[in-house]
Amino acid sequence: MALAETPAIAKVSGQPFTRIPPDLYIPPDALEVFLDAFEGPLDLLLYLIQRQNLNILDIPIAAITRQYMEYLALMQELRLELAAEYLVMAAWLAEIKSRWLLPRPASAAAEELDPRAELVRRLQEYERFQQAAQALDALPRWERDCFPASAEPVQHDRVRIPPPVNLADLLEALREVMTRAELFIRHPIHRELLSVRERMSQVLEQLDTLRFTAFTALFRPEEGRMGIVVTFMAVLELLREALLELVQTEPFAPIHVRRRG
């Protein structure tokens, strides 16, 4: 019957070791275990209450004490050093449970406070500080969430060589300049010397409401073609506004005009 091989506990340079060497020295502080979840007895109690969704104002002392002692037993099995404050908390829980179970006189029962009141007060105060610490830890922290950034500009010495220019490029540039120059052609606008509105006033002043005036007498030949056109437009505008009256006795007879009353 073959014997089972002893499993190796470690390998050094590829060589398995099945037992710890007798001359191996391990310093006392070589292995240190940190319990991040619990930083003290109050932290442990608060964790046990929150895990079971218990009311912090109505703590079941028996159940919490039993779970607390199981955790202390686990720490002893792991050979972790128990702090004195954990043992003090265990003794305090036992005292609260005993005071809760011992019979009390009827007169003293009405006056004595709940033995859990001091524990509840400490737990509430610790919970407030724990929430404040978590809020502070969630804030952005320098060199943890925010890091300084810096960069040195790279110096590049660039030499700009002007491109060569030939005759074709000069002619093309001249053509573009001539094209832009054509867009700025001036168109002079002069004010008219004769005004239709002014000539309408002159015609009304020249006519009478009783006597007729020959139509040809309204025109001034010395003003030229422009004056004749302006006078004719003024007469048409006055006729449109019903300020003049035209009369002709027979076909092809002279036309007379007078101002309406």
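The values are calculated or read from the model by the stated rules, or taken from the named source; none is laboratory data. Since we're looking at a predicted model, the values are computed, not measured. Neighbour counts run over all protein chains shown; Cβ positions are idealised from the backbone, glycine included.
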Report summary line: Scanning the stretch 245-256 residue by residue, those free of Cβ contacts under 8 Å to residues at least 40 places away in the same chain and aliphatic (A, V, I, L, M) turn out to be L246, V247, A253
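Table: residues versus (1) farther than 30 Å from M233 by Cα; (2) in the same structural domain as Y47 (by TED's automatic domain parsing); (3) surrounded by fewer than 10 Cβ atoms within 10 Å (Cβ to Cβ); (4) at pLDDT 80 or above.
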| position | (1), (2), (3), (4) |
| --- | --- |
| F129 | yes, yes, no, yes |
| P153 | yes, no, yes, yes |
| L167 | yes, no, yes, yes |
| L183 | yes, no, yes, no |
Query raised in the report: Would you call V247 at pLDDT below 90 and in contact with a His (Cβ under 9 Å, 6 or more places away or on another chain)?
Result: yes
